[in-house]
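First up is the structure itself, then whatever we jot down about it.
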Amino acid sequence: MAARRRDIDTAKGIASLLVVFGHLVARESPADNAWYDYARAAVYRFHMPFFMYLSGYVAGYLALGSVAREAYPGFLRSRAVRLLVPFFAFGLLVLAGKMLAAHVIHVDNRPSGALDGFVDLFWTTRQSPSGSVWFMFTLFLFLALTPPLAWLRAGFWPHLALGLVVFATGLPDRIYLNKAAEVAPYFALGALAGERAERCDAPLARFGPMLLLPFAALLVGFEVAPRGWREPVAVMTALVSIPAIHGTVLAVHGQGRTVWTFFGRYTFAIYLLNTIAIGVTKGVMLRVMPWDGPNFLLFAPALMAAGTFGPIIAKLTVFRLHPTLDRMTD
């Protein structure tokens, strides 16, 4: 069995905190806080491609493409339990929670009704009341395709080819297929790196830190680039972020434990529950004060703490008492 990669746990911890930061504001931004709008937009240009790269890396490192045809039904069933069950369960939980909480506190992206909310959650997903669940469905889709594409005996290169095609052409905004198209190449790149981990580690550690400055320049350059150049700059930002962040993690921390490693251990719980914790905390705080202007400087750290530690506390105190929920959030 392949040894656990602590550098991936560390990188997942960093990516998880970026996810929480991006979720502090759902739709309507607090007035007079343009700094957050710029920071959030910058994070969104690379954090989910990086997250999907890490997922692909694990798939390649664990050689999930080597699943034989006769073992494929069992593999598919295990991935469905791991990803589709929480996809439906937490999506419905958020939908029901928003409809109930809307009678008491402010709710972002409030569904107009149960049926409309259900349709938006699982079909017309551009208006999803729980947009963050797209990652689980998309990851299931990629993993489900991994063994059949590997049967072509070309490693993860067919993944990359298919990913580039759907990235270029796009997919309909139904059942989160448009989101899958946006990140498909990054999963494939991660899988290619993961299956070549021993050869990639040293170059990543050597050159990754050197890419931090170009990565930062691309983040800033997007804001001043002509409109026609912005999409290519965004793609380049996502691509450069991968070796820059992963390589720096390897160079600085290697396989050692860090505070980021701790958060990486609870990545799935944070991802599933952070929007719930943020939404509840925000709703309660808005009953006391508005979040516009300087007040957001109080809201931001409070929501960040809620979105990060709330899921971990729930995992350790409530979910561990229920084996099914505990496994679902591992």
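Within segment 1-28, can you find the residues that are within 19 Å of P294 (Cβ to Cβ) and open to solvent by 50 Å² or more (accessible area, probe 1.4 Å)? If the condition is that a residue be within 19 Å of P294 (Cβ to Cβ) and open to solvent by 50 Å² or more (accessible area, probe 1.4 Å), then E28 is the only one that fits. Examine segment 103-111 for a residue that is under 17 Å from I276 (Cα atoms) and among the polar types (S, T, N, Q), and state whether such a residue exists. Yes: one or more hits.
The residue that is farthest from the chain's Cα centre (by Cα), counting only those in segment 141-164 that are within 25 Å of S128 (Cβ to Cβ) and open to solvent by 40 Å² or more (accessible area, probe 1.4 Å), is L162. Checked against the criterion of being in contact with an Asp or Glu (Cβ under 7 Å, 6 or more places away or on another chain) and either open to solvent by less than 20 Å² (accessible area, probe 1.4 Å) or closer than 28 Å to L17 by Cβ (or both), the candidates G97, G91, G60, G56 yield just one match: G60. Taking interchain pairs and intrachain pairs at least six residues apart, which have beta carbon atoms under 7 angstrom, with the first residue in segment 299-311 and free of Cβ contacts under 8 Å to residues at least 24 places away in the same chain and aliphatic (A, V, I, L, M) and the second open to solvent by 10 Å² or more (accessible area, probe 1.4 Å) and assigned to a helix (DSSP H, G or I)? Here the result reads A302/T281; A302/M285, each pair linking segment 299-311 to a residue that is open to solvent by 10 Å² or more (accessible area, probe 1.4 Å) and assigned to a helix (DSSP H, G or I). Of M210, M236, all but one fail to be closer than 29 Å to G65 by Cα and either part of a helix (DSSP H, G or I) or not acidic (D, E) (or both); the exception is M236.
Considering only residues that are closer than 22 Å to T10 by Cβ and hydrophobic (A, V, I, L, M, F, W, C), which ones fall in segment 40-52? A42, V43, F46, M48, F50, F51, M52, listed by residue number.
No other residue among D173, D201 is of a type in the set (D, E), within 30 Å of V119 (Cβ to Cβ) and either modelled with pLDDT under 95 or open to solvent by less than 30 Å² (accessible area, probe 1.4 Å) (or both) apart from D173.
The criterion of at least 1 residues that are among the hydrophobic types (A, V, I, L, M, F, W, C) and closer than 30 Å to V220 by Cβ is met by the following helices (runs of 4 or more DSSP H) wholly inside segment 36-136: 47-61. The residue that is nearest to L189 (Cα to Cα), among those in segment 232-260 that are of a type in the set (S, T, N, Q) and at pLDDT below 90, is Q255. For the condition of a type outside the set (A, V, I, L, M), more than 27 Å from V20 (Cα to Cα), open to solvent by 10 Å² or more (accessible area, probe 1.4 Å) and touching a residue at least 24 places away in the same chain (Cβ under 8 Å), W134 does not qualify.
Yes/no per residue for (1) open to solvent by less than 40 Å² (accessible area, probe 1.4 Å); (2) closer than 30 Å to D32 by Cα:
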residue: R257; (1), (2): no, no
residue: F263; (1), (2): yes, no
residue: F296; (1), (2): yes, yes
residue: P323; (1), (2): no, no
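Per-residue answers, yes or no, for (1) open to solvent by 30 Å² or more (accessible area, probe 1.4 Å); (2) closer than 30 Å to H106 by Cβ; (3) of a type in the set (G, A, S); (4) assigned to a loop (DSSP other than H, G, I, E, B):
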site	(1), (2), (3), (4)
R230	yes, no, no, no
V240	no, no, no, no
L250	no, no, no, no
I270	no, yes, no, no
R327	yes, no, no, no
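The values are calculated or read from the model by the stated rules, or taken from the named source; none is laboratory data. Model, not experiment: these values are computed from the prediction. Don't worry about glycine lacking a Cβ; one is built from the backbone with ideal geometry, like all the others, and counts go over all protein chains shown. For the accessible areas, the whole protein counts, side chains as well, though only heavy atoms, and no ligand, DNA or RNA atoms are used. Shrake-Rupley method; radii C 1.70, N 1.55, O 1.52, S 1.80 Å.
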